[in-house]
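Undergrad: Sharing a structure, written as structure tokens. Questions coming.
Here, each number is a calculation from the coordinates, and none is a lab measurement. Note that the structure is predicted; figures quoted are calculated from it, not measured. Cβ atoms come from the backbone with ideal geometry, glycine included; neighbour counts cover every protein chain shown.
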Amino acid sequence: MRLQVTVQPPVEPVTLAEIYAHLRLDATGSPPTHPDDALLSSQITAAREWIEQCTRRALVQQTIVFKTPYFPTDRIFFLPRRFYDETLTDYVKPFFIELPKSSPLISLDSITYYDENNVLQTLDPAKYEVSADAEPARIDLIWGETWPITYERTDACIFTYKAGYMPTHTGSPPVYDYRATVPQALKNAIKLKVQQWYDPMTQQKYDQLQAAIDAMVYPFKVYTFEYGQRP
């Protein structure tokens, strides 16, 4: 399985101005700047990526491509552990697909696959339905349909989708605000993570900040096939 962000978020959830205020930095000029802007910007991005990894969700709209070797047909697929029974000799094989880092899902753009002749095909959307409100988002076959048989290659099935908190927009043409709907707790966690990396501090202070970050992040974690059972 391979997961790649092909279109990065257009903005970060937290601005440099918010980081200046959080770290009590003196920024000068119009617009305000600080000598450490490049460092702080990279730390904001790294903190957002860290939180996305911890929560297994996307914070700001991004396009993701997920590739797998085959559909869940007659072979063992990428299964949630809740479908594993140690008393059995095999996995119980569900016929749905969960998309990693798809919470919240904005849209499933396409499902493509290499058929038995190694020709790229697009799966007809009429054959499946998407549960966008599930965490992670889930794809189920319509009753009576079957997943196609694919060519033997590591990227035989390709799922392309947009994930992240839905931006708000105003005006005509619309002006999009990609930060407005990102939960404040996750924005605060980004600020604290940047503070951990930027400010000199004792180990005790570092651990205190980490405990606060963990408390903010925990309610947003998505439990899925790669990481264990749902609680």
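Undergrad: Enumerate by residue number the GluC sites (Glu not before Pro) in region 126-174 meeting two conditions: DSSP loop (anything except H, G, I, E, B), and at most 15 other Cβ atoms within 10 Å of the site's Cβ.
TA: Glu145, Glu152
Undergrad: Here's another thing I want to ask about it. If you place +1 on the Cβ of every Lys and Arg and -1 on the Cβ of every Asp and Glu, how big does the dipole about the Cα centre of the chain come out, in debye to the nearest 20?
TA: Around 440 debye, computed over the chain.
Undergrad: Cα to Cα, under 21 Å, and not fewer than 8 places away if on the same chain: which lysines meet these conditions relative to Lys191?
TA: Lys205, Lys221
Undergrad: Another one. Which trypsin sites (Lys or Arg not before Pro) from region 130-201 combine a DSSP loop assignment with at most 14 other Cβ atoms within 10 Å?
TA: Arg153
Undergrad: A follow-up question, please. Which label belongs to the value computed from this structure, given these candidates for mean projected area of the Cα convex hull in nm²: (1) 12.5; (2) 11.4; (3) 17.2?
TA: Label of the calculated value: (3).
Undergrad: Which ³J(HN,Hα) values, rounded to whole Hz and listed in residue order, are derived for region 124-133 from phi using the Karplus coefficients 6.51, -1.76 and 1.60 in 6.51 cos²θ - 1.76 cosθ + 1.60 with θ = phi - 60°, glycine and proline given as x?
TA: 4, x, 5, 8, 9, 10, 10, 9, 5, 8
Undergrad: Here is a follow-up. Along the charge dipole of the chain, pointing to its positive end and built from +1/-1 on Cβ of Lys, Arg, Asp and Glu, which listed residue (Leu141, Leu16, Tyr206) has its Cα farthest out?
TA: Tyr206
Undergrad: To continue, here is another question. What percent do you get for the relative contact order of region 1-61 when only Cα pairs under 8 Å and 6+ apart count?
TA: Once divided by the residue count of region 1-61, the mean separation gives 45 percent.
Undergrad: What ranking do Asp36, Asp26 get, fewest neighbouring Cβ atoms within 10 angstrom at the top?
TA: If I rank by nearby Cβ atoms, fewest first, I get Asp26, Asp36.
Undergrad: Which pairs, out of Lys101/Lys162; Lys101/Lys127; Lys67/Lys162, put more than 20 Å between their alpha-carbon atoms?
TA: Lys101/Lys127
Undergrad: Quick query: amide H of Met166 versus all other amide H atoms, modeled in the peptide plane; which residues come in under 5 Å with a sequence gap of 5 or more or a different chain?
TA: none
Undergrad: Continuing with this model, one more query. Which whole-number percent gives the relative contact order of the chain, counting Cα pairs below 8 Å spaced six or more residues apart?
TA: 27 percent
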